[in-house]
Every structure is written in structure tokens, then in C-alpha cells.
Amino acid sequence: MNTVDSLLSRIEISETIFRYARGFDRMDLNMALSCFHADSVHDHGKFHGFSHEFCKYAMALVAELDHTQHHISNVSVDLVGDIAHTEAYFLAYHRVGPKGWSSFSQARPGEDVLIGGRYRDRFERRSGAWRIAHRRGIYEWSKIGPAADNGLDQQCNHYRGRRDQTDWFYNRYQSANGQEEIRQSASPPEIKEIP
């Protein structure tokens, strides 16, 4: 594998890992599924089976929540031809919905659940596309506590992220009221001489 192919592969693989997190935060099943080969296998928590089944199962679990935000970091990629072994750390924030959360029965409605862990993936490049062929989710820790918005819900609801395709990610050029945003280039600041 040449240097350019290696760099492009690492970018595509990393973007796939990021897209998976975004898919769950936006509750976009098709986005999450696009990260996996059709025969991909998933070992994550209690689940052992095909990745497309895991995505549907996990999407139903996050639907019980008011908010989620999955952070990905420390992505390492070991490339060998058309196979890559990766590890990525995740920090997943969850706001428990009004009926509780079946995945964490000890969490009460309105509480926050933080989960830290790692994704260990085997990617395969098939027909020129890098996708996950096997994923293992590894949990390191979790924390349950009271919600701590400090008034964010009341102050910034107009610009708050949404858990569907009305989110700003999908509508990058529309304002929150549905009007097209006018993007103007910023004028450079006036330069003043200092005496």
C-alpha cells in the first residue's frame, strides 16, 4: 500500500467510525448501517449477532432517551492490505427519558448516564470501500448522576441539536425557522496603527 492510499484509507476508516456515532445521535438508522458490510458481525454488551440487527436493536434503545452524544477519540488504525484493525475510544452521554431506560434500569428518568469504552473493529476494503466487518464494543466504566444542564434547555432551545433529520447537520444552509441562511463573507477588521 503506497503512502497516499494509506492516508486516504485512514481518513475513510476514521470518518466511518465518526459517522456511526453521528447516526445514533441523529437516530438515523441508514447512516449507522452504512458503516458496516452486509455480513458484518457485532459483539457489544449482551448482543452477539449481525451488525445490521445490532443497529436496529440499539436504535430502539436510544429512542427511549431524550438526548445522546457520542464522542470518538484516540482512533488508531493498523493497515495490512485491504484489512485494517482499529481501536477507537468512545464517551457516550445519555439523558434518560421520562419512562426510564431499559438498557440501564438503575437510571431514573431525567438522569444522565455516561459510558466510557472502546470499539475494536476489523475493517475490510471491498469493491473499493472501507466498512466494518466485525465490531467488538468494550465497556470500561459508567456513571449515573443527576442532570446538569444549568438552564441550557430554557436558554438555547432554538439552536439545540435534534435527534432526527431536522437537525442542523442535514440542513446546513437553513436557519432554525426554515428560512435559507445568507452566508456572507466576513469583512476583515480595520487595522489601526498603534502610536
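Table: residues versus (1) hydrophobic (A, V, I, L, M, F, W, C); (2) more than 19 Å from the chain's Cα centre (by Cα); (3) modelled with pLDDT under 95.
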position: Asp39; (1), (2), (3): no, yes, no
position: His42; (1), (2), (3): no, no, no
position: His52; (1), (2), (3): no, no, no
position: Cys55; (1), (2), (3): yes, no, no
position: His71; (1), (2), (3): no, no, no
position: Val75; (1), (2), (3): yes, no, no
position: Asp82; (1), (2), (3): no, yes, no
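I'm told Ser6 meets every condition in (1) in a helix (DSSP H, G or I); (2) polar (S, T, N, Q); (3) within 23 Å of Gly116 (Cβ to Cβ) except one. Can you identify the failing condition by its number?
(3)
Can you confirm whether segment 25-34 contains a residue that is in a strand (DSSP E or B) and either without any contact (Cβ under 8 Å) to a residue 60 or more places away in the chain or surrounded by fewer than 18 Cβ atoms within 10 Å (Cβ to Cβ) (or both)? Before the answer, list the steps.
Residues of segment 25-34 that are in a strand (DSSP E or B), as a first pass: none.
Scanning segment 25-34, I find no residue that is in a strand (DSSP E or B) and either without any contact (Cβ under 8 Å) to a residue 60 or more places away in the chain or surrounded by fewer than 18 Cβ atoms within 10 Å (Cβ to Cβ) (or both), so the answer is no.
Where the second residue is among the aromatic types (Phe, Trp, Tyr) and the first is outside any loop (DSSP other than H, G, I, E, B) and lies in segment 93-115, which pairs have Cβ atoms under 6 Å and are six or more apart or on separate chains?
Val113/Phe104; Leu114/Tyr93
What about Ser76, is it outside any helix (DSSP H, G or I), of a type outside the set (Phe, Trp, Tyr) and either in contact with a Gly (Cβ under 7 Å, 6 or more places away or on another chain) or surrounded by 20 or more Cβ atoms within 10 Å (Cβ to Cβ) (or both)?
It is false that Ser76 is outside any helix (DSSP H, G or I), of a type outside the set (Phe, Trp, Tyr) and either in contact with a Gly (Cβ under 7 Å, 6 or more places away or on another chain) or surrounded by 20 or more Cβ atoms within 10 Å (Cβ to Cβ) (or both).
The values are calculated or read from the model by the stated rules, or taken from the named source; none is laboratory data. Being a predicted model, the structure only gives us computed values, none of them experimental. Glycine also receives a Cβ, built like all others from the backbone with ideal geometry; neighbour counts cover every protein chain displayed.
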